[in-house]
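Report on the following structure.
The values are calculated or read from the model by the stated rules, or taken from the named source; none is laboratory data. For clarity, every value in this text was computed on a predicted model and none was experimentally measured. All Cβ positions, even for glycine, are placed from backbone atoms using ideal geometry, and neighbour counts span all protein chains on display.
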Amino acid sequence: MTKLTYTLDNSYKVVYEDLLNVLNNLKANDKEFYTPIYNRLAESQLQRQTLIKLSEKECKHRLIVEILKQVGLDESVLSRYPLEFSGGQQQRLGICRSVVLRPKLLIADEPISALDVSISSTSY
């Protein structure tokens with residue numbers, strides 16, 4: 001059975017399809033259907049194997065560098081003193097410090113309002 005139909009009242013109809021048959025039909029029509037999926041899985045596996053080999057310190061460093069890139073800063077800021085940053089860079093660092101903890105909810109008024117227009121339009 002490829003479809004199971006269930007009627008709720010007279011206004012709704014739920015149709016459950018057999019996912020395996022749907023995927024097989026897609027595969028039959030498109031020979032390259034699974035290629036992007038396999039490529040993504042292989043890429044994820046390679047990244048996972050690379051991260052497993054890293055020490056805790058190296059993992060933390062990579063996380064910090066990744067979040068710095070997300071807020072528009074590069075790795076060179078790690079070796080600078082706080083007074084060497086412009087006001088906008090200080091605001092970005094404030095956002096970075098907040099985001100690195102991966103909070104479920106982040107409420108930011110001052111850091112976002114002080115950023116320049118190009119950055120604040122892509123607020124987090």
Long-range neighbours under 8 Å by Cβ, at least six apart or interchain, first residue in the same structural domain as residue 92 (by TED's automatic domain parsing) within the range 66-79, second in a helix (DSSP H, G or I) and among the polar types (S, T, N, Q): 73/89; 77/89
Only listed residue being among the aliphatic types (A, V, I, L, M), modelled with pLDDT of 60 or more, outside the structural domain of residue 63 (by TED's automatic domain parsing) and exposed (fewer than 10 other Cβ atoms within 10 Å of the Cβ), chosen from 41, 8, 23, 19: 19
Subset of the range 57-108 (residues that are surrounded by 14 or more Cβ atoms within 10 Å (Cβ to Cβ) and not in a helix (DSSP H, G or I)): 71, 72, 73, 85, 100, 108
